[in-house]
Each structure stands twice: as structure tokens, then as C-alpha cells.
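The values are calculated or read from the model by the stated rules, or taken from the named source; none is laboratory data. No experiment lies behind these values; they were computed from the predicted model shown. As a convention, Cβ positions derive from the backbone with ideal geometry for all residues, glycine included, and neighbour counts pool all protein chains shown.
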């Protein structure tokens, strides 16, 4: 039975759409195209003000791997403090050592810094070579859940490992399936793994509201359309819930 449908967003417009679609929790990010980075403080504060459901802030200071420098670590602790000050319900963290094991010391420090906020350990676990040991460490630190695709490119491909994780952790830790979850596969993922939480973006784009602009200059890569705004599609969120009924 599904208990939570988490939607990851990277703008305030999508917060309204996610709630409209039936999300029960928000993962608040910037740069979803990069897998999700830490949102700015302004977005944290506005999300806390407008959300009717719990909001968890991604704590990830840069794109790339999850082996962080001392400077990165200092930034992450400051961002956890900012999320707490903004009034968010929790944070989403994931920290590894060079050998792809969990950075036990840093995770402990981050969990202590939350001071009672909720904690999700994100898909960094999908880069771990020994996921069961990783789960043991995550549970020792009192995290609520792990977001994972079952160590595969998407959650559907990771069904066998997701089930193994659910069976291994039992009620001690929630396994939340994420990556490629859609209305077409969510029922199979939930039924075959026993997960009670799923995570998706429900992403789409809308056209810019601008009526006059030049297409000769680009703000970044020429492959990215600056006038197609990424947003959550509430219909995609609602369709996932309908598929589970």
C-alpha cells in the first residue's frame, strides 16, 4: 500500500502543480537536469510558506559524484542550517567515501545538524558497491528512508534489488523507489517490491510567456531551449495515483 508519493521540483511554479496532482511530499531542488542540487534560500523560504505538505531540501552543493571536499562539507552543513531556518520539514543527503562506501563521519555530522528534521538518504546509495552495509550505516544514523533505483538505471530495472532492500530493512527504514517511475510502471514496481513510497518528477515543459525575444543568443548550451520552461505536470502525478488505486 502506497503511503507517500514524493515529487521532486526545482521551481515554485512546480510546487503548486505537484500539490494539485496529489503529491504528499516535496523534494526541493535546483537543477533537476543535473540530478538535483541544493535550492537557494529564497526558494526554501517560499516553499515553506506555500506548501501544504512536507518539503525536504536537497543538500548537494555541486553536480558529479558524492565524494566531497572539506569545502563542500562546510557548504552542506550551512545549507542544512538554512533549510532548518527556512522552516522545512527535512533534508535529503548522500555522502560517500572514495571507495563508494558511506561516509559515516560526515553522515553522522549532517544528521546531528538537522536537530530533529526528517532525513532522506538519496540515490548516492546506487553508487555503493556494498548496498546492504550502506543500509546498515544509514539505519544506524536514524534516517527515515532511502531513495533508490535498486542500483539500476531506473526503478523498474531495479525491482529485484528494491525487493531485497525492503525485505532486509523491514520497518526500520523505508525504501523509496525512484528514477523512471511513471503511471505505466508504478503498480508493478509497488506490487513486486513492497515499497510504500515512490518518487518522481512528473516533468514537462511549458512555453515562455514572453511575446518578443531573440533566439540568436543562448544562456548556456545551444541544445537547451531558454523559452521552454521545465515544470511539473499535475496530470502525470494524478495518473500515478490513479494507477495505484
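A few comments on the model shown:
- Strands (runs of 3 or more DSSP E) wholly inside region 1-87 containing at least 1 residues that are under 23 Å from residue 197 (Cβ atoms) and without any contact (Cβ under 8 Å) to a residue 60 or more places away in the chain: 25-28, 55-58
- Residues that are surrounded by 18 or more Cβ atoms within 10 Å (Cβ to Cβ) and within 15 Å of residue 111 (Cβ to Cβ) were ranked within region 138-149; the one that is farthest from the chain's Cα centre (by Cα) is 138.
- Within region 107-128, residues that are over 16 Å from residue 81 (Cα atoms) have Cβ atoms under 7 Å from residues that are in a helix (DSSP H, G or I) in these pairs: 121/138; 125/131; 125/134; 128/134, counting only partners at least 6 apart in sequence or on another chain.
- For residue 118: the one exception among (1) touching a strand residue (DSSP E or B) at 6+ places or on another chain (Cβ under 6 Å); (2) crowded, with 22+ Cβ neighbours inside 10 Å: (2)
- Screening region 175-186 for residues that are surrounded by 15 or more Cβ atoms within 10 Å (Cβ to Cβ) and in contact (Cβ under 8 Å) with a residue 40 or more places away in the chain and picking the one that is farthest from residue 153 (Cα to Cα) gives 183.
- Taking (1) within 18 Å of the chain's Cα centre (by Cα); (2) without any contact (Cβ under 8 Å) to a residue 60 or more places away in the chain; (3) closer than 16 Å to residue 7 by Cα in turn, residue 92 satisfies each apart from (2).
- Conditions (1) modelled with pLDDT of 90 or more; (2) within 30 Å of residue 146 (Cβ to Cβ); (3) not in a helix (DSSP H, G or I); number of the one not met by residue 188: (3)
Yes or no, residue by residue, for (1) part of a helix (DSSP H, G or I); (2) touching a strand residue (DSSP E or B) at 6+ places or on another chain (Cβ under 6 Å); (3) surrounded by 12 or more Cβ atoms within 10 Å (Cβ to Cβ):
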{"residue": "195", "(1), (2), (3)": "no, yes, yes"}
{"residue": "205", "(1), (2), (3)": "no, yes, yes"}
{"residue": "210", "(1), (2), (3)": "no, no, no"}
{"residue": "220", "(1), (2), (3)": "no, no, no"}
{"residue": "223", "(1), (2), (3)": "no, no, no"}
{"residue": "231", "(1), (2), (3)": "no, yes, yes"}
{"residue": "239", "(1), (2), (3)": "yes, no, yes"}
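- A count restricted to region 167-188 and to residues that are within 27 Å of residue 203 (Cα to Cα) and in contact with a helix residue (DSSP H, G or I) (Cβ under 6 Å, 6 or more places away or on another chain) stands at 5.
- Among the residues examined, residue 169 qualifies as surrounded by 15 or more Cβ atoms within 10 Å (Cβ to Cβ) and more than 17 Å from the chain's Cα centre (by Cα).
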